[in-house]
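Comments concern the structure below.
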Amino acid sequence: MPRSLLPTTADSTAAPVTALPLEQPASRADRVRDALRRAILDGTLQPGRALVERELAELLGVSKTPVREALKQLHSSGLVEINAYQGVSVRRIDAETVRQLYTARASVEPAAVRLGAQAAGRFDAARTALADAAALIGTGETAGLGIANRRFHRELYLVCGNTFLCGFLDQLQDLTAFVATAGWRLRATFEQESAEHEAMLEAAESGDAELAERLTRAHIEKAAATLVAVLGEQADR
């Protein structure tokens, strides 16, 4: 009989745990990442902008080490590109990137929202995020609005309780916020999107899972079509 891969009682007691590390406060690299993320989302660092470690370190008043780590994290989230010849730069946005990103979301997010509505979960956090986003409309704070909108979407799909679906969607959060806010600078659609968010949330809160799923998919697909059209118009100019 093959030996089990699970630890036996003897195995589990042979090396007792004597200490566990405490959670550490945000590192300097995390703070640098957050500052750069905000600058990318609000357009201070525009698509295609070269990100030179030495220059960023001087601007932020830190050494190059946390900047290098922050850029690695931003690359993982999709906000920056690394090219062997041109170095690191803010990600460029094109129609194909939008299509792939929103196709991925449309394949998973509506199903997650449907599951949350079916489970009759509580959407209080999504309601709060929606109110926070609405308060930013008209302020010109597009980066903050983009972050608040992503928080709304996240709180909406988190209710499903499926860690695999949520983990996948979480990976797309920063890139989606980046693409959306860049699109708003070309054509403001946040008031229309806010109304669609309200309809999605009301359907989920009422437990109408099919409607919540349908509205979420339509919202994502409409946003993608608008972004692709805007990018096309921009390229023609």
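Which members of the stretch 136-170 meet the condition of being hydrophobic (A, V, I, L, M, F, W, C) and modelled with pLDDT under 95?
Step one: of the stretch 136-170, the residues hydrophobic (A, V, I, L, M, F, W, C) are 136-137, 143, 145, 147-148, 152, 156, 158-160, 164-166, 168-169.
Within the stretch 136-170, Leu136, Ile137, Ala143, Leu145, Ile147, Ala148 meet the criteria.
Exactly one condition in (1) surrounded by fewer than 20 Cβ atoms within 10 Å (Cβ to Cβ); (2) charged (D, E, K, R); (3) touching a residue at least 60 places away in the same chain (Cβ under 8 Å) is false for Arg187; which is it?
Answer for Arg187: the failing condition is (3).
Do you know which residues across the stretch 70-125 are at positive phi and under 15 Å from the mean Cα position of the chain (by Cα)? Spell out how you get there, then give the answer.
Keep residues of the stretch 70-125 that are at positive phi, which gives 78, 87, 120.
Residue satisfying the conditions is Gly78 alone.
If you go through the stretch 135-164 one residue at a time, how many are in a helix (DSSP H, G or I), more than 22 Å from Gln46 (Cα to Cα) and open to solvent by less than 40 Å² (accessible area, probe 1.4 Å)?
4
Report, by residue number, each residue of the stretch 194-205 that is open to solvent by 50 Å² or more (accessible area, probe 1.4 Å) and within 16 Å of Glu155 (Cα to Cα).
Glu198, Glu202, Glu205
Could you please let me know if Gln192 is among the polar types (S, T, N, Q) and touching a residue at least 40 places away in the same chain (Cβ under 8 Å)?
On the way: among the polar types (S, T, N, Q): yes; touching a residue at least 40 places away in the same chain (Cβ under 8 Å): no.
No.
Just the residues that are surrounded by 13 or more Cβ atoms within 10 Å (Cβ to Cβ) and modelled with pLDDT under 90, please, taken from the stretch 1-37. Before the answer, list the steps.
Our first condition is that a residue be surrounded by 13 or more Cβ atoms within 10 Å (Cβ to Cβ); within the stretch 1-37, this holds for 28-37.
Listed by number, the residues that qualify are Arg28, Ala29.
Look through the stretch 66-102, keep the residues that are touching a residue at least 24 places away in the same chain (Cβ under 8 Å) and β-branched (Val, Ile, Thr), and return whichever of them is surrounded by the most Cβ atoms within 10 Å (Cβ to Cβ).
Applying the filter and picking the extreme gives Val67.
Please state which of the following conditions Asp132 fails to meet, knowing it meets all the rest: (1) crowded, with 22+ Cβ neighbours inside 10 Å; (2) within 19 Å of the chain's Cα centre (by Cα).
(1)
How many residues are over 10 Å from Ser77 (Cα atoms) and not aromatic (Phe, Trp, Tyr) when one looks only at the stretch 158-175?
If we filter the stretch 158-175 for residues that are over 10 Å from Ser77 (Cα atoms), which is where we start, we get 158-169.
Going one step further and asking which of them are not aromatic (Phe, Trp, Tyr), we end up with 158-163, 165-167, 169.
Total meeting the criteria: 10.
Here are Leu227, Leu175, Leu231: which of them is touching a residue at least 40 places away in the same chain (Cβ under 8 Å), assigned to a helix (DSSP H, G or I) and touching a Phe, Trp or Tyr at 6+ places or on another chain (Cβ under 8 Å)?
That would be Leu227, the only listed residue that is touching a residue at least 40 places away in the same chain (Cβ under 8 Å), assigned to a helix (DSSP H, G or I) and touching a Phe, Trp or Tyr at 6+ places or on another chain (Cβ under 8 Å).
The values are calculated or read from the model by the stated rules, or taken from the named source; none is laboratory data. No experiment lies behind these values; they were computed from the predicted model shown. Every residue, glycine among them, receives a Cβ derived from its backbone with ideal geometry; neighbour counts consider all protein chains shown. Each accessible area value is taken on the protein alone, full model and side chains, heavy atoms only, with ligands, DNA and RNA left out. Shrake-Rupley method; radii C 1.70, N 1.55, O 1.52, S 1.80 Å.
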